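Written out below as C-alpha coordinates is the structure these notes cover.
The values are calculated or read from the model by the stated rules, or taken from the named source; none is laboratory data. None of the values given here were measured: they were computed from a predicted structure. Quick reminder, even Gly has a Cβ in these numbers, built from the backbone with ideal geometry, and neighbours come from all protein chains shown.
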Amino acid sequence: MTSAADNSADNRSQPGTFPPLASGDRLTRPEFERRYAAARNVRAELVEGVVYVQAAIRHQQHGQPHALLSGWLSSYFMATHGTDVGDASTLRLDADNEPQPDILLRIDSACGGASSIDAEGYLTGPPELVVEIAASTASYDLHDKLNAYRRNGVQEYLVWRVLDDAFDWFVLRKGRYERLPVTETGVIHSELFPGLWLDTTALLRGDLAAAIATLKPGLDSPEHAAFCQRLEELRTKENSKDDR
(Lines give C-alpha, C1' and ligand atoms only; values in the text may rest on other atoms or scores of the structure.)
Protein backbone atom coordinates (compact mmCIF):
# COMPACT_ATOMS: atom_id res chain seq x y z
CA MET A 1 0.00 0.00 0.00
CA THR A 2 1.33 3.45 -0.96
CA SER A 3 0.90 6.19 1.65
CA ALA A 4 1.32 9.93 2.13
CA ALA A 5 -0.21 12.76 4.12
CA ASP A 6 -3.58 13.84 2.77
CA ASN A 7 -4.46 17.54 2.98
CA SER A 8 -7.42 17.48 0.63
CA ALA A 9 -10.65 19.28 1.40
CA ASP A 10 -12.49 15.96 1.48
CA ASN A 11 -10.44 14.93 4.52
CA ARG A 12 -10.85 18.12 6.57
CA SER A 13 -12.86 17.94 9.73
CA GLN A 14 -16.03 19.95 10.09
CA PRO A 15 -17.29 21.53 13.32
CA GLY A 16 -18.43 18.85 15.73
CA THR A 17 -16.69 16.03 13.86
CA PHE A 18 -13.59 13.98 14.58
CA PRO A 19 -10.17 15.37 13.62
CA PRO A 20 -9.09 14.26 10.13
CA LEU A 21 -6.78 11.33 9.67
CA ALA A 22 -3.21 12.22 8.76
CA SER A 23 -0.18 10.08 8.09
CA GLY A 24 1.98 9.86 11.19
CA ASP A 25 -0.88 10.16 13.70
CA ARG A 26 -0.52 7.76 16.62
CA LEU A 27 -3.89 6.25 17.51
CA THR A 28 -5.46 3.25 19.17
CA ARG A 29 -7.45 1.02 16.87
CA PRO A 30 -10.84 2.14 18.30
CA GLU A 31 -9.93 5.82 17.81
CA PHE A 32 -8.62 5.08 14.32
CA GLU A 33 -11.89 3.37 13.42
CA ARG A 34 -13.96 6.30 14.73
CA ARG A 35 -11.98 8.82 12.68
CA TYR A 36 -11.93 6.57 9.64
CA ALA A 37 -15.72 6.18 9.75
CA ALA A 38 -16.08 9.97 9.86
CA ALA A 39 -13.63 10.60 6.99
CA ARG A 40 -14.66 10.92 3.35
CA ASN A 41 -12.89 9.63 0.25
CA VAL A 42 -9.93 8.37 2.25
CA ARG A 43 -8.14 5.05 2.37
CA ALA A 44 -5.97 4.60 5.42
CA GLU A 45 -4.53 1.90 7.63
CA LEU A 46 -3.10 1.59 11.12
CA VAL A 47 0.27 -0.13 11.46
CA GLU A 48 1.95 -0.45 14.85
CA GLY A 49 -0.24 2.38 16.14
CA VAL A 50 0.72 4.77 13.31
CA VAL A 51 -1.72 6.04 10.66
CA TYR A 52 -0.81 5.79 6.97
CA VAL A 53 -3.08 7.62 4.52
CA GLN A 54 -2.81 6.44 0.94
CA ALA A 55 -1.57 8.81 -1.72
CA ALA A 56 -2.76 8.90 -5.32
CA ILE A 57 -1.92 5.56 -6.96
CA ARG A 58 0.56 5.51 -9.84
CA HIS A 59 -0.34 3.03 -12.55
CA GLN A 60 3.03 1.40 -13.28
CA GLN A 61 4.26 1.49 -9.69
CA HIS A 62 1.12 0.12 -8.08
CA GLY A 63 -2.08 -0.16 -10.11
CA GLN A 64 -0.79 -2.52 -12.79
CA PRO A 65 1.26 -4.77 -10.46
CA HIS A 66 -1.78 -4.98 -8.19
CA ALA A 67 -3.98 -6.08 -11.10
CA LEU A 68 -1.46 -8.70 -12.23
CA LEU A 69 -1.14 -10.24 -8.77
CA SER A 70 -4.92 -10.16 -8.32
CA GLY A 71 -5.42 -12.07 -11.55
CA TRP A 72 -2.81 -14.66 -10.60
CA LEU A 73 -4.13 -15.18 -7.07
CA SER A 74 -7.77 -15.23 -8.21
CA SER A 75 -6.91 -18.08 -10.57
CA TYR A 76 -5.73 -20.12 -7.59
CA PHE A 77 -8.79 -19.16 -5.56
CA MET A 78 -11.16 -20.29 -8.32
CA ALA A 79 -9.49 -23.70 -8.41
CA THR A 80 -9.30 -24.17 -4.64
CA HIS A 81 -12.63 -24.57 -2.88
CA GLY A 82 -12.29 -23.68 0.78
CA THR A 83 -10.16 -20.59 0.22
CA ASP A 84 -11.20 -16.95 0.08
CA VAL A 85 -9.53 -14.00 -1.66
CA GLY A 86 -9.75 -10.33 -0.75
CA ASP A 87 -8.70 -6.98 -2.23
CA ALA A 88 -8.01 -4.03 0.11
CA SER A 89 -10.08 -5.61 2.90
CA THR A 90 -9.82 -4.01 6.33
CA LEU A 91 -8.07 -6.44 8.64
CA ARG A 92 -8.45 -6.23 12.41
CA LEU A 93 -5.27 -7.76 13.77
CA ASP A 94 -4.71 -6.38 17.27
CA ALA A 95 -5.03 -3.21 19.37
CA ASP A 96 -2.42 -1.35 17.28
CA ASN A 97 -2.90 -2.76 13.81
CA GLU A 98 -5.70 -2.46 11.27
CA PRO A 99 -4.05 -2.68 7.85
CA GLN A 100 -5.71 -2.90 4.45
CA PRO A 101 -3.57 -5.42 2.57
CA ASP A 102 -3.46 -4.97 -1.18
CA ILE A 103 -4.52 -8.61 -1.61
CA LEU A 104 -4.97 -11.57 0.70
CA LEU A 105 -5.69 -15.27 0.45
CA ARG A 106 -7.20 -17.07 3.40
CA ILE A 107 -8.53 -20.46 4.32
CA ASP A 108 -12.20 -20.35 5.27
CA SER A 109 -12.73 -20.55 9.01
CA ALA A 110 -15.01 -23.55 8.35
CA CYS A 111 -11.98 -25.30 6.86
CA GLY A 112 -9.61 -24.50 9.71
CA GLY A 113 -8.50 -21.01 8.70
CA ALA A 114 -7.11 -18.63 11.32
CA SER A 115 -9.15 -15.58 10.29
CA SER A 116 -12.90 -15.04 10.41
CA ILE A 117 -15.51 -12.43 9.53
CA ASP A 118 -16.88 -10.61 12.56
CA ALA A 119 -20.41 -9.33 13.21
CA GLU A 120 -19.59 -6.02 11.48
CA GLY A 121 -18.33 -7.74 8.35
CA TYR A 122 -14.62 -7.15 8.97
CA LEU A 123 -11.89 -9.75 8.84
CA THR A 124 -10.33 -10.51 12.20
CA GLY A 125 -7.25 -12.59 12.85
CA PRO A 126 -4.42 -13.41 10.48
CA PRO A 127 -5.15 -14.52 6.91
CA GLU A 128 -2.78 -17.23 5.76
CA LEU A 129 -1.24 -15.14 2.93
CA VAL A 130 -0.94 -11.37 2.62
CA VAL A 131 0.29 -9.66 -0.56
CA GLU A 132 1.56 -6.08 -0.74
CA ILE A 133 2.97 -3.95 -3.56
CA ALA A 134 5.86 -1.78 -2.34
CA ALA A 135 8.20 0.67 -4.04
CA SER A 136 11.45 -0.67 -2.56
CA THR A 137 13.09 -2.13 0.54
CA ALA A 138 12.68 1.27 2.21
CA SER A 139 8.89 0.87 2.26
CA TYR A 140 7.13 0.34 5.57
CA ASP A 141 5.66 -2.80 3.99
CA LEU A 142 9.05 -4.41 4.67
CA HIS A 143 9.56 -2.95 8.13
CA ASP A 144 6.76 -2.04 10.55
CA LYS A 145 4.07 -3.82 8.57
CA LEU A 146 6.18 -6.93 8.17
CA ASN A 147 6.71 -7.03 11.92
CA ALA A 148 2.99 -6.59 12.57
CA TYR A 149 2.10 -9.44 10.22
CA ARG A 150 4.80 -11.67 11.69
CA ARG A 151 3.80 -11.02 15.28
CA ASN A 152 0.13 -11.67 14.52
CA GLY A 153 0.79 -14.99 12.82
CA VAL A 154 0.37 -14.28 9.09
CA GLN A 155 1.94 -17.48 7.77
CA GLU A 156 3.12 -16.20 4.39
CA TYR A 157 3.84 -12.66 3.24
CA LEU A 158 4.52 -11.75 -0.39
CA VAL A 159 5.91 -8.33 -1.35
CA TRP A 160 6.50 -7.10 -4.90
CA ARG A 161 9.24 -4.45 -4.77
CA VAL A 162 8.35 -2.70 -8.00
CA LEU A 163 11.28 -0.28 -8.30
CA ASP A 164 13.70 -3.10 -7.51
CA ASP A 165 12.11 -5.56 -9.98
CA ALA A 166 12.05 -8.14 -7.20
CA PHE A 167 9.77 -10.28 -5.06
CA ASP A 168 10.14 -11.28 -1.43
CA TRP A 169 8.02 -14.23 -0.30
CA PHE A 170 8.33 -14.91 3.40
CA VAL A 171 7.15 -17.93 5.37
CA LEU A 172 6.71 -17.89 9.15
CA ARG A 173 8.91 -20.43 10.91
CA LYS A 174 9.28 -20.49 14.69
CA GLY A 175 8.12 -16.89 14.98
CA ARG A 176 10.48 -15.54 12.30
CA TYR A 177 10.03 -14.79 8.61
CA GLU A 178 12.31 -16.64 6.22
CA ARG A 179 12.42 -16.14 2.45
CA LEU A 180 11.13 -18.93 0.26
CA PRO A 181 13.64 -20.11 -2.35
CA VAL A 182 13.41 -19.09 -5.99
CA THR A 183 14.03 -21.72 -8.68
CA GLU A 184 16.51 -21.19 -11.50
CA THR A 185 13.59 -20.24 -13.74
CA GLY A 186 12.33 -17.60 -11.30
CA VAL A 187 9.44 -19.54 -9.77
CA ILE A 188 8.48 -19.45 -6.08
CA HIS A 189 6.33 -22.19 -4.55
CA SER A 190 4.08 -21.50 -1.58
CA GLU A 191 4.51 -23.87 1.35
CA LEU A 192 1.10 -23.28 2.89
CA PHE A 193 -0.95 -23.35 -0.33
CA PRO A 194 0.12 -26.39 -2.39
CA GLY A 195 0.15 -25.64 -6.10
CA LEU A 196 0.42 -21.87 -5.69
CA TRP A 197 3.37 -21.19 -7.97
CA LEU A 198 4.53 -17.65 -8.76
CA ASP A 199 6.39 -17.04 -12.02
CA THR A 200 8.26 -13.89 -11.03
CA THR A 201 9.93 -13.50 -14.42
CA ALA A 202 6.57 -13.50 -16.21
CA LEU A 203 5.00 -10.96 -13.87
CA LEU A 204 8.02 -8.66 -14.02
CA ARG A 205 7.50 -8.37 -17.76
CA GLY A 206 3.74 -7.94 -17.29
CA ASP A 207 2.81 -11.29 -18.84
CA LEU A 208 -0.14 -12.55 -16.78
CA ALA A 209 -0.96 -15.28 -19.31
CA ALA A 210 2.52 -16.79 -18.86
CA ALA A 211 2.22 -16.53 -15.07
CA ILE A 212 -1.08 -18.42 -15.14
CA ALA A 213 0.41 -20.99 -17.52
CA THR A 214 3.12 -21.62 -14.91
CA LEU A 215 0.46 -21.84 -12.20
CA LYS A 216 -1.55 -24.49 -14.05
CA PRO A 217 0.82 -27.44 -13.38
CA GLY A 218 0.66 -26.51 -9.71
CA LEU A 219 -3.12 -26.62 -9.81
CA ASP A 220 -2.96 -30.00 -11.57
CA SER A 221 -0.49 -31.44 -9.06
CA PRO A 222 -1.34 -34.27 -6.63
CA GLU A 223 -0.37 -31.95 -3.77
CA HIS A 224 -3.03 -29.43 -4.75
CA ALA A 225 -5.65 -32.17 -5.13
CA ALA A 226 -4.80 -33.51 -1.67
CA PHE A 227 -5.02 -30.00 -0.22
CA CYS A 228 -8.47 -29.44 -1.70
CA GLN A 229 -9.61 -32.80 -0.36
CA ARG A 230 -8.29 -31.93 3.10
CA LEU A 231 -10.15 -28.61 3.10
CA GLU A 232 -13.36 -30.35 2.09
CA GLU A 233 -12.96 -32.92 4.85
CA LEU A 234 -12.46 -30.16 7.40
CA ARG A 235 -15.55 -28.35 6.13
CA THR A 236 -17.63 -31.53 6.36
CA LYS A 237 -16.39 -32.16 9.88
CA GLU A 238 -17.23 -28.60 10.92
CA ASN A 239 -20.70 -28.81 9.36
CA SER A 240 -21.40 -32.05 11.21
CA LYS A 241 -20.67 -30.24 14.49
CA ASP A 242 -23.21 -27.55 13.60
CA ASP A 243 -25.86 -30.19 12.89
CA ARG A 244 -25.60 -31.70 16.35
Q. Under the condition of being β-branched (Val, Ile, Thr) and under 18 Å from the mean Cα position of the chain (by Cα), which residue from the range 169-224 is farthest from Gly82 (Cα to Cα)?
A. Thr200
Q: Kindly establish whether Asp220 is under 30 Å from His59 (Cα atoms) and in the same structural domain as Leu104 (by TED's automatic domain parsing).
A: no
Q: Consider only pairs whose beta carbons are under 6 Å apart and that are at least six residues apart or on different chains; among these, list those whose first residue lies in the range 82-111 and is of a type in the set (S, T, N, Q) and whose second residue is in a helix (DSSP H, G or I).
A: Thr83/Phe77; Asn97/Ala148
Q: Could you please find all residues in the range 172-220 being without any contact (Cβ under 8 Å) to a residue 40 or more places away in the chain and of a type in the set (S, T, N, Q)?
A: Thr183, Thr185, Thr200, Thr201, Thr214
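A quick yes/no check of all residues on (1) buried (at least 19 other Cβ atoms within 10 Å of the Cβ); (2) outside the structural domain of Ala210 (by TED's automatic domain parsing); (3) within 24 Å of Arg161 (Cβ to Cβ):
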| residue | (1), (2), (3) |
| --- | --- |
| Glu48 | no, yes, yes |
| Pro65 | yes, no, yes |
| Ser74 | no, no, yes |
| Gly86 | yes, no, yes |
| Asp94 | no, no, no |
| Gly112 | no, no, no |
| Glu120 | no, no, no |
| Pro127 | yes, no, yes |
| Ile133 | yes, no, yes |
Q) In the range 57-115, which residues are among the acidic types (Asp, Glu) and more than 17 Å from the chain's Cα centre (by Cα)? A) Asp96
(Q) Six or more apart or on different chains, Cβ atoms under 6 Å: show the pairs whose first residue is in the range 41-69 and farther than 28 Å from Leu198 by Cα and whose second is among the small types (Gly, Ala, Ser) and not in a loop (DSSP other than H, G, I, E, B). (A) Glu48/Ala148; Val51/Ala44; Val53/Ala44
Q: Please enumerate the residues belonging to the range 199-218 that are hydrophobic (A, V, I, L, M, F, W, C) and in contact with a helix residue (DSSP H, G or I) (Cβ under 7 Å, 6 or more places away or on another chain).
A: Ala202, Leu203, Leu208, Ala210, Ala211, Ile212, Leu215
Q. So which residues in the range 70-79 are within 11 Å of Leu105 (Cα to Cα) and in contact (Cβ under 8 Å) with a residue 12 or more places away in the chain?
A. Ser70, Leu73, Tyr76, Phe77
Q. Just checking, how many residues over the range 178-206 are part of a strand (DSSP E or B), touching an Asp or Glu at 6+ places or on another chain (Cβ under 8 Å) and surrounded by fewer than 18 Cβ atoms within 10 Å (Cβ to Cβ)?
A. 1
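Which residues, taken from the range 79-106, are part of a loop (DSSP other than H, G, I, E, B) and not aliphatic (A, V, I, L, M)?
Within the range 79-106, Thr80, Gly82, Ser89, Thr90, Asp96, Pro99, Gln100, Pro101, Asp102 qualify.
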Q | Residue among Tyr149, Tyr76 that is assigned to a helix (DSSP H, G or I) and touching a strand residue (DSSP E or B) at 6+ places or on another chain (Cβ under 6 Å) | A | Tyr149
